[in-house]
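Everything on this sheet refers to the single structure shown next.
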Amino acid sequence: MARYVMIAMFCWLSLCSFGQDSWQDALRQWLTVEDMEEDYGEAVMEQLAEMAASPINLNQTTREELEALPFLTASQVEGIMEYIYRYAPIRSMGELKMISSLDFHTRQLLEYFVCVGAEQPRRIWPRLSDVAKYGRHTFVASGKLPLYDRKGDVLSDGSGYLGYKYRHDIRYQFNYNDRVKLGLTAAQDAGEPFFSGENRQGYDHYSYYLQLRQMGRLEELNLGMYRVKMGMGLLMNTSFSLGKLATLQSMGRTTRMLTAHASRSQGDYLQGVAATLRISKRWRMTAFASYRALDATLNQDGTARTLLRDGYHRTQTELSKKHNTHETDLGGSIGYRQGTLHANINMVYTHLDRQLVPQQVLYKRYAASGADFTNVSIDYGYTTSRWGVAGETAVNEQGAIATVNTINWRATDGLTLMVLHRYYDKRYTALHARSFGEGSGVQNEHGVYLGAKWNVSRALSLYGYVDYAHFDWARYQASTSSDAFDALLAASYVKQLWRIEGRYRMRIRQRDNTDTKRLENRPEHRLRLRATFTVSPQWSLQTQADGVASSGAYRWQKGVMLGQHATWQWRWLKADAHVAWFRTDSYDARLYQYEPSVQYDFSFPAYYGHGLRHALMLQATVGRKLASIVKYGTTNYFDRSTIGSGLQQVSHSSMTDILLQLRYKF
């Protein structure tokens, strides 16, 4: 019966189509599997959602504002600034076609984050009356209602979850021209106690922040919770870092940002004060100080074995780890910029009130340990209309070095080439580092990445990369030095009502064989084909097929996934429908498909086994102030009677969730 339902839904969706893509749809072509697995996707979507809510006025922008957009290359930022200087004011978004460095996909994505408006006189310090009168208030309430019970929800002997099964959060933000931003986020995960037990303060997590921007020499001030990104992330990156395909999109451009932490995430953020001050036209200084509580798994002697970032406090064991360790961070940088030349000296000092003593296993021999960590780096870059260089070199207190450097060259208006080299010493450690790499951290890696983008014509684009990495020391599942190889080739064809995309990726990673006496190559092949057909501004259809073949310990694991997505929009009502059928041999052959969801909820789940996923989302907008969203989604499995394991186990072959969200702006 399920097969007939699946076929019927595919046929129905084949008759439908959807209107213009959202910025999420335009961006997700640059998100690959490693982005999802390392949880970068959610951070990307949350931060870009904030940027999309306050588009940059091209007639009143700065280089720093444009550099905050992670998908722009240095030459594209320079091209936009040069065009504004020559031809301002810009009168329409169509003028972006006159900037040769902006290709079709980048222009499409950029239009969601910039606008064209009249230049308004700007006071150094805005009047409080103007802030109160013209500031915008936004209130968002979200909740997830599972129509099933997990094992942890029904255990009554105290070994299960201590709270109810519903997840919810509320967000409030005040924003005045993106210069004054004030907000509060309160979040509760499913299973966490709420105004009960050891959580008497209500929500499990609160994010609060005050951000001031463009106040004369004070370029930015953050109070409360915030994120910091320096250079290419070798010292400090509590923001997001995109994967290999997205690096090709931005050509490895280095950025530095202070941003408010408005997320429900309890992982990477700082708490205290951070500011950027313009000393002169060419010199800037950034400084920050932070003190925050962390979750940690402790050793028997009271030292910390692992610092936890997931933020779950559902069971008595998880609650015993809550805020049992504290971290102090002090840091800053001083930087010079002359046109497109820039250089910054950065420093970060971190102190833990417990000694960090990681598990004594071979692959963790050089993991971060101790209570005090000091890192210093210099990041640099220079860009012309045709080529650019950027990089960062860092050293820790033991003298170990980490460096990453890029060179990109725009050979023609349509062809751009890029080379990225990185070397991360096995002894290099930095608690807040996050940068480009094949591995999970900035440590024990030496590699070279080659990438290319070629706009063959206005309709056809080709892009791809080849990446090789060597790991001098043992890694998880590799008990000696090992290598990795990763290659991707993709194409995009856009013609009138059609948009067709294809992608092939091959990865080879070395792993211990079954008796751990030698390494063996584990290749993985992934293929994706996607077609979008637009019939009218109200309707469009998207079809996607994914396939994977992954070499396991004993035999090849294979999988396939077919998905259809349709959106219909009429005035104040919008509907999104999604259905996907999947069949894989195991978890090693898992597949991913992006699924639209409510704002701030990033949905890119992994599917394995044999099943069917279908979802319907309705959004109603009442005037300019009120919007309500309901999403109903079900995952049916044909090959099992239970889903998941441990406390997450569901004693059914299907799971249905309802997502609700209410947004009010005034």
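The values are calculated or read from the model by the stated rules, or taken from the named source; none is laboratory data. All values derive from a computational prediction rather than experimental measurement. To get the accessible areas, we keep the full protein, side chains included, count just its heavy atoms, and leave off ligands, DNA and RNA. Shrake-Rupley method; radii C 1.70, N 1.55, O 1.52, S 1.80 Å.
Please report the carbon-and-sulfur percent of the accessible area for the chain; probe 1.4 Å, protein heavy atoms only, DNA, RNA and ligands left out.
That share works out to 57 percent.
Can you work out the accessible area per residue across the chain, with the rest of the protein chains kept in place, probe 1.4 Å, in square angstrom?
Computed with neighbouring chains in place, this is 45 Å² per residue.
Å³ per residue of the Cα convex hull, for the chain?
Given the Cα convex hull of the chain, per-residue volume reads 161 Å³.
Using a Cα-Cα cut-off of under 15 Å, which aspartates and glutamates could be cross-linked to Lys151, ignoring same-chain neighbours fewer than 8 residues away?
Reachable aspartates and glutamates: Glu192.
For region 106-122, what does the Karplus curve 6.51 cos²θ - 1.76 cosθ + 1.60, with θ = phi - 60°, yield as ³J(HN,Hα) per residue in whole Hz, taken in order and with x for Gly and Pro?
5, 4, 4, 6, 4, 5, 7, 10, 10, 8, 10, x, 6, 6, 9, x, 10
List, in order, the whole-Hz ³J(HN,Hα) value for each residue of region 164-181 obtained from phi through the Karplus relation with A = 6.51, B = -1.76, C = 1.60 and θ = phi - 60°; use x for Gly and Pro.
7, 8, 9, 9, 7, 7, 10, 9, 10, 9, 10, 9, 10, 6, 6, 9, 10, 9
For every helix of n ≥ 4 consecutive DSSP H residues, a contribution of -39,500 (n - 2.57) applies; sum these over the chain, divide by its total residues, and give [θ] at 222 nm rounded to the nearest 500 deg cm²/dmol.
Using -39500 (n - 2.57) per qualifying helix, the result is -3500 deg cm²/dmol.
Probe radius 1.4 Å, ligands and nucleic acids left out: which of Ile658, Ile80, Ile279 has the largest accessible area, and how do the rest follow?
Order by accessible area, largest first: Ile279, Ile658, Ile80.
Students often forget the sequence filter, so: which lysines lie under 27 Å Cα-Cα from Lys144 once same-chain residues fewer than 8 apart are removed?
Within the straight-line limit of under 27 Å, Lys144 reaches these lysines: Lys165, Lys321, Lys322, Lys574, Lys625, Lys631, Lys665.
So what J values fall out for region 515-524 if you push phi through Karplus, 6.51 cos²θ - 1.76 cosθ + 1.60 with θ = phi - 60°, rounded to Hz, Gly and Pro as x?
Result, ordered by residue: 9, 6, 8, 7, 8, 9, 6, 10, x, 9 Hz.
Mind ranking Ser482, Ser654 by accessible surface for me, highest first, 1.4 Å probe? Mind dumping the intermediate values first?
Details: Ser482 0, Ser654 40 Å².
Putting Ser482, Ser654 in descending order of accessible area: Ser654, Ser482.
Per the Kirkwood definition applied to all pairs of different Cα atoms, how many angstroms is the hydrodynamic radius of region 34-193?
Roughly 19.4 Å, rounded to one decimal.
Could you tell me the ratio Rg/Rh of region 490-578? Both radii from Cα atoms, Rh via Kirkwood.
Result: Rg/Rh = 1.22.
Can you give me the solvent accessible area of Phe373 with a 1.4 Å probe, rounded to the nearest 10 Å²?
Rounded to the nearest 10, that gives 0 Å².
Taking only the alpha-carbon positions of region 551-666 and ignoring solvent, what does the Debye formula give for the base-10 log of I(q)/I(0) at q = 0.11, 0.15, 0.20 Å⁻¹?
Log10 of I(q)/I(0), two decimals: -0.46, -0.75, -1.10.
Whole number please: convex hull volume per residue of the Cα set in region 409-458, in Å³?
In region 409-458, the Cα convex hull volume per residue is 97 Å³.
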